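Beneath this line is the structure, given in structure tokens, with notes to follow.
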Amino acid sequence: MNRAIMSKLTKLKIGEFSKMMQVTVKTLRHYEQKGLLHPSEVDEWTGYRYYNIAQMQRLNTIRGLQRQGFTLEEIKELLEDGTQMPSIDLLTQKIVETEQQLQLLMERRRQLLKWMDSHKQIKKMEKFSIQSLPEIIVASHREVITDYTALGPLCVEKIGPEMQRLGCKCPPPGYCFTIEHNKEYRPSNIDIEYCEQVEEMGEDSAIVQFKRLEAIPKVLCMKHIGPYERFYESFTEAFAYMEEQGYKITGSPRTCYIDGVWNQNDPEQWLSIIQIPIE
């Protein structure tokens, strides 16, 4: 097949050329305006632009040089010189420019990592806090429950009505928490003590007992958002933080309930505060 027949076979309209070469028509027109890639033929009556295999090869050269960081102006100079390949001096210049850009990118990366670490520290400080707990009087109920889902009904249906019957007054904003008495983890049959702060000692009943809890000078407090079955995730974070800061546990952790089944249908929105006595 001679060259004239091949040229005729590869004569493509701009849209066809665009699809085959995976480049937008807008980009092809931009290259034409810049003097980089002219159509092989423009129909004088219709204005249609046609491209052939020579434009395919030239477009690939333009793309290759662009990928190596050459500007369109530099590419135009190379193509007009007829060399289509950059000189040693130009390559050396591009290497120097690339190294400078790499140094800038590395510095930007260093700054971004620094900011990310600062952000993590701020988030960690928001999640953890060190507080002290004053001496309080609580109404207490200890019971073995089937699992954590039984805690809500226990408070609402049993402990709450009994405290109301006994005339308990709770100081605002209200402070209730649980203490687990199991010596090991149990997914069921959990020995748990529910405590709620009250203003004064009362008379014990079969359900509720009153007692005074001593002040705790230092407590690590951590927010837990989610169902109670995932407390282990927060305890893992809390103990990692304690290890990092050099704290030691000195007593039984308390779990304070802020939002739960009584006011949030979605367990993922339940908010609890884990309080761990430390020194």
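The values are calculated or read from the model by the stated rules, or taken from the named source; none is laboratory data. Keep in mind the model is a prediction, meaning the values are calculated, not measured. When we count neighbours, we look across all protein chains shown, and the Cβ atoms used for this are built from the backbone with ideal geometry, even at glycine.
Can you work out which of the residues in region 129-149 that are more than 17 Å from PHE177 (Cβ to Cβ) and hydrophobic (A, V, I, L, M, F, W, C) is surrounded by the most Cβ atoms within 10 Å (Cβ to Cβ)?
Let us first name the residues in region 129-149 that are more than 17 Å from PHE177 (Cβ to Cβ), namely 130, 144, 146-147, 149.
Filter once more, keeping what is hydrophobic (A, V, I, L, M, F, W, C): 130, 144.
Details: ILE130: 11, VAL144: 13.
By that ranking, first place goes to VAL144.
Can you confirm whether ALA150 is aliphatic (A, V, I, L, M), in contact with an Asp or Glu (Cβ under 8 Å, 6 or more places away or on another chain) and assigned by TED's automatic domain parsing to the domain that holds ASP259? Let's see the steps before the verdict.
Details: aliphatic (A, V, I, L, M): yes; in contact with an Asp or Glu (Cβ under 8 Å, 6 or more places away or on another chain): no; assigned by TED's automatic domain parsing to the domain that holds ASP259: yes.
It is false that ALA150 is aliphatic (A, V, I, L, M), in contact with an Asp or Glu (Cβ under 8 Å, 6 or more places away or on another chain) and assigned by TED's automatic domain parsing to the domain that holds ASP259.
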I want to confirm something. Restricting to region 64-119 and keeping residues that are among the hydroxyl-bearing types (Ser, Thr, Tyr) and in a loop (DSSP other than H, G, I, E, B), which single residue is modelled with the highest pLDDT? THR71
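Residue-by-condition table, conditions (1) outside the structural domain of ILE136 (by TED's automatic domain parsing); (2) at pLDDT 90 or above; (3) aliphatic (A, V, I, L, M); (4) buried (at least 18 other Cβ atoms within 10 Å of the Cβ):
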{"residue": "GLN209", "(1), (2), (3), (4)": "no, yes, no, no"}
{"residue": "GLU214", "(1), (2), (3), (4)": "no, yes, no, no"}
{"residue": "MET222", "(1), (2), (3), (4)": "no, no, yes, yes"}
{"residue": "TYR257", "(1), (2), (3), (4)": "no, no, no, yes"}
{"residue": "ASN265", "(1), (2), (3), (4)": "no, no, no, no"}
{"residue": "GLN269", "(1), (2), (3), (4)": "no, no, no, no"}
Here are some conditions: (1) closer than 26 Å to ILE136 by Cα; (2) part of a helix (DSSP H, G or I); (3) touching a helix residue (DSSP H, G or I) at 6+ places or on another chain (Cβ under 8 Å). MET242 meets all but one. Which one does it not meet? (3)
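I'd like the residue in region 8-49 that is assigned to a loop (DSSP other than H, G, I, E, B) and of a type in the set (A, V, I, L, M, F, W, C) and, out of all such residues, is surrounded by the fewest Cβ atoms within 10 Å (Cβ to Cβ).
Step one: of region 8-49, the residues assigned to a loop (DSSP other than H, G, I, E, B) are 10-11, 22-24, 34-40, 43-48.
Add one more test, that the residue is of a type in the set (A, V, I, L, M, F, W, C), and what stays is 23, 36-37, 45.
Working: VAL23: 16, LEU36: 19, LEU37: 21, TRP45: 5.
Looking at residues that are assigned to a loop (DSSP other than H, G, I, E, B) and of a type in the set (A, V, I, L, M, F, W, C), I get TRP45.
Would you confirm, using the coordinates I've provided, whether LYS169 is assigned by TED's automatic domain parsing to the domain that holds PRO267, in a loop (DSSP other than H, G, I, E, B) and among the charged types (D, E, K, R)? First the steps, then the outcome.
Working: assigned by TED's automatic domain parsing to the domain that holds PRO267: yes; in a loop (DSSP other than H, G, I, E, B): yes; among the charged types (D, E, K, R): yes.
When the stated conditions are applied, LYS169 passes them.
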Looking at GLU203, is it charged (D, E, K, R), part of a helix (DSSP H, G or I) and over 40 Å from the mean Cα position of the chain (by Cα)? no
